[in-house]
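Here the structure comes first, spelled out in structure tokens, and everything after it is commentary.
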Amino acid sequence: MITETDVLIIGGGIAGFTAALELGNRGINVLVISSSVKGEGANSWRAQGGIAYFSQSGDEGVFKEDILKAGDGLCNKKAVDQLVSQGPSAIEEFLKDVPFEKDRFGKWSLTKEGAHSTPRILFQGDQTGKAIMETLYEKVRSHPLIAVYENRSAIDLITLSHHSKKVEDIYEPPTCVGAYILCHESEKVYAVFAQENILATGGGGECFLHTTNGKEARGDGIAMAYRAGVRIMNMEYVQYHPTALYIAGEPRFLLSEALRGEGGRLLSGNLEEFVDPLASRDVVARAIFEEMVQSDLNFVWLDMRCKGKAYLMERFPAIYKHCMDRGLYMEKDLLPVVPAAHYSCGGIAVDLEGRTTMRGLRAIGEVACSGVHGANRLASTALLEGLVWGRECAKSITLRKGAFPEVEPWKMGSLKVDRALIQQDWLTIKQTMWNYVGPLRSTFRLKRANKMLIELKWEIDAFYEDAFLTPDLLALRNGCEAALLITQGALRSPKSRGCHYIVDEKLAFV
Ligand SMILES: Cc1cc2nc3c(=O)[nH]c(=O)nc-3n(C[C@H](O)[C@H](O)[C@H](O)COP(=O)(O)OP(=O)(O)OC[C@H]3O[C@@H](n4cnc5c(N)ncnc54)[C@H](O)[C@@H]3O)c2cc1C
């Protein structure tokens, strides 16, 4: 078991794997810790649409404009410049073996997505993320300098000021020297020390009742960094996808916006059309949310009956199969849909090379806030951000070889936590976040959520102290922390912007 390494990467999605490969190729030893296996729990695996490349020379400027427009005046222009200028070479370097769709001349095909001015997206059917992750995983696993430990979760960062046995270390600049890791199988906790530590744990969609994200996207990295005193920003900007398939008892499955582009209509419980299906993503998500709240519905309907079976099967193979496996035939059945938390634009504040406000700690991908997405994200730029920041972060790392501090060993409690309690607390977090901190917020709703989550966090922290730590408990503690950060971010931001929408602020202008 490795307990000391040059670089520790926490998270095995596109960002973590890219950084690992760049570091490994530079002769640096890397340990990747991931709570999932083969990257399958990562949101990167779930990406359906694609990854933005470029369409023709001169597209750079137009691409930047598209990103800035989506970001609603809040983008970090330097970050946007880096994404657009470094994106194509990063794709050519790391993703050249991905089986992206090709045209009849053998060149990569490019498709156009909503809010992109030109066709510039590389794709692989409607399972682009899976194709990318299979390629990266293969490379990471076969690299001699990269070790991957799966089914393990980081619990907390080890910092000089919090954990060193040397008392004077509290006067050193805040510095991260590793992390405490929980092995799911052995249920043991051990400390891993590294000269540089990279958080690549993804976003926090799982804090909401409805989400397109996987179970492990509950803001672990953000919560860990926050507890260590690292700067977090823009948490209120959570992007909601308008349509996810609603099947009770199942995770929500993303139904691409292209369905509405192809003629899909949204119908209320009375089968009346209540919103222009081609309105922007945010407008549609809010309209569905409001329709559900006002009419007391669990979902609304997406009607694709305007298209025939053959067309739908060819154009949306994975979606068609997913629905068909549940007895829904898109050419003749209405599809139950809800909006769903999709992407966290905010996170750990970082610079162009992923540096955080703490020495020895970087953050990349969805867990980080480089400012590239501003107040809202343009489609197909998240995978690209993971790739570009993964590479740039790794390129800029030079190791300062020094001794690791002596730290207190992990003290495991003995109290077995009741699973019913964990389930109930998650329900409270998810319902509260959905109803009060979801697509349509108000000051009253946010204050209510804040109060409830503070109390819940207090309760969770109280039993966490003495508990026997399990992956479920670790997840709950982080989920509650991340939910509170989103809520408090929204409370501090009384003006609507991008995907953060406060209803009282708009009313003031009516
Ligand atoms: C359904 C869906 C469709 C999408 N479609 C697109 C698209 O078409 N194009 C696009 O650009 N973007 C898309 N996105 C967004 C994009 O997929 C993500 O933003 C991006 O993949 C995030 O990459 P990441 O490496 O930062 O994190 P992730 O890919 O989420 O990886 C995070 C990793 O961290 C691990 N982890 C989490 N907590 C811990 C912990 N405590 N300890 C150890 N490991 C931990 C997880 O297991 C996982 O391996 C989509 C997202 C979803 C959910």
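Based on the alpha-carbon gyration tensor of the range 1-144 and its eigenvalue square roots a ≥ b ≥ c, which shape applies: rounded if a/c is under 1.5, prolate if not and a/b is larger than b/c, or oblate? Can you show the working numbers first?
On the way: a/c = 2.01, a/b = 1.55, b/c = 1.30.
Cα axes put the range 1-144 in the prolate bin.
Between Lys38 and Arg315, what is the spin-label point distance in nm, taking each point 7 Å from the Cα along the Cα→C-beta axis?
Here the modelled spin labels are 3.2 nm apart.
Taking loop as defined by DSSP and a crowding limit of 15 other beta carbons within 10 Å, which GluC sites (Glu not before Pro) in the range 375-440 fit?
Details: sites: Glu385, Glu392, Glu406; in loops: Glu406.
The qualifying sites are Glu406.
Taking Cα pairs under 8 Å and at least six residues apart, what relative contact order does the chain come out at, in percent? Intermediate values should be presented prior to the final figure.
On the way: 1132 pairs, mean separation 110.2, N = 510.
That works out to 22 percent.
Given the Cα-Cα distance of Ser396 and Lys495 and 0.36 nm per residue of separation, how much length would full extension add, in nm? Numbers along the way, then the final one.
Numbers: separation 99, 0.36 × 99 = 35.64 nm, distance 3.68 nm.
Gain in length upon complete extension: 32.0 nm.
Rank by packing, highest mean first: peptides 443-451, 393-401, 230-238, with packing defined as the count of other Cβ atoms within 10 Å averaged across residues.
Values: 443-451: 17.1, 393-401: 15.6, 230-238: 22.9.
Ranking the peptides 443-451, 393-401, 230-238 by packing returns 230-238, 443-451, 393-401.
Calculate the FRET efficiency for Tyr329 and Asn270 from the Cβ-Cβ distance with a Förster distance of 25 Å, rounded to the nearest 0.05. Mind dumping the intermediate values first?
Details: r = 23 Å, r/R0 = 0.90.
So, using R0 = 25 Å, E works out to roughly 0.65.
Out of the GluC sites (Glu not before Pro) in the range 239-273, which ones are loop residues according to DSSP with at most 11 other C-beta atoms within 10 Å? Before the final figure, lay out the partial values.
Working: sites: Glu257, Glu262, Glu272, Glu273; in loops: Glu257, Glu262, Glu272.
Qualifying residues, ordered by number: Glu272.
How about Lys165: which lysines have a C-alpha closer than 23 Å to its C-alpha, ignoring those fewer than 8 places off in the same chain?
Result set, ordered by chain and number: Lys188, Lys401, Lys411.
How many angstrom lie between the Cα centre of the range 373-408 and the Cα centre of the range 458-487?
About 25 Å separates the Cα centre of the range 373-408 from the one of the range 458-487.
Any of Lys96/Lys139; Lys430/Lys451; Lys107/Lys395; Lys130/Lys332 with alpha carbons more than 19 Å apart? Name them for me. If you can, show how the numbers build up before the last one.
On the way: Lys96/Lys139 12 Å; Lys430/Lys451 15 Å; Lys107/Lys395 29 Å; Lys130/Lys332 29 Å.
Checking Cα-Cα distances, Lys107/Lys395; Lys130/Lys332 exceed 19 Å.
Which residue, Pro242, Ile155, Ala375, has the largest displacement toward the positive end of the dipole of the chain when charges sit on each Cβ (Lys, Arg +1; Asp, Glu -1)?
About the Cα centre, the residue reaching furthest to the positive side is Ala375.
Using a Cα-Cα cut-off of under 25 Å, which lysines could be cross-linked to Lys69, ignoring same-chain neighbours fewer than 8 residues away?
Within the straight-line limit of under 25 Å, Lys69 reaches these lysines: Lys77, Lys78, Lys112, Lys495, Lys506.
From the square roots a ≥ b ≥ c of the eigenvalues of the alpha-carbon gyration tensor of the range 141-191, which class results: rounded (a/c under 1.5), prolate (a/b over b/c), or oblate?
Numbers: a/c = 3.77, a/b = 1.81, b/c = 2.08.
Here the range 141-191 falls in the oblate category.
Based on DSSP H runs of at least 4 residues, each adding -39500 (n - 2.57), what is the mean residue ellipticity at 222 nm of the chain after dividing by all its residues, to the nearest 500 deg cm²/dmol? Show your work: numbers first, answer last.
Numbers: 16 runs with 186 residues, N = 510.
So the helix-based figure for the chain works out to -11000 deg cm²/dmol.
Tell me, what ³J(HN,Hα) does each residue in the range 409-426 have, in order and in whole Hz, if you take phi through Karplus 6.51 cos²θ - 1.76 cosθ + 1.60 with θ = phi - 60° and put x for Gly and Pro?
x, 5, 9, 8, x, 10, 5, 7, 8, 4, 5, 4, 5, 4, 5, 5, 5, 4
Would you mind checking the tilt of helix 77-94 against the longest principal axis of the Cα atoms of the chain, expressed as 0 to 90 degrees and rounded to 10?
Computed tilt is about 90 degrees.
Classify the range 86-132 as rounded, prolate or oblate from the Cα gyration tensor: take a ≥ b ≥ c as the square roots of its eigenvalues, call it rounded if a/c is under 1.5, otherwise prolate when a/b beats b/c and oblate if not. Present the calculation step by step, with values, prior to reporting the outcome.
On the way: a/c = 1.34, a/b = 1.19, b/c = 1.13.
Judged from the Cα gyration tensor, the range 86-132 comes out rounded (a/c under 1.5).
Of the trypsin sites (Lys or Arg not before Pro) in the range 76-115, which ones lie in a loop per DSSP and count no more than 11 other C-beta atoms within 10 Å? Before the final figure, lay out each step's value.
Details: sites: Lys77, Lys78, Lys96, Lys102, Arg104, Lys107, Lys112; in loops: Lys96, Arg104, Lys107, Lys112.
For trypsin sites (Lys or Arg not before Pro) across the range 76-115 that sit outside H, G, I, E and B with at most 11 neighbouring Cβ atoms in 10 Å, the list reads Lys96, Arg104, Lys107.
Mind checking which of Met452, Tyr436, Val388 is farthest towards the positive end of the range 388-477's charge dipole, using Cβ charges of +1 (Lys, Arg) and -1 (Asp, Glu) about the Cα centre?
Val388
Each reported figure results from applying straightforward, stated rules to the coordinates on display, with no laboratory input. None of these values were measured; they are calculated from a predicted model. Ideal geometry is used to build each Cβ from the backbone, glycine not excepted, and the neighbour counts take in all protein chains shown.
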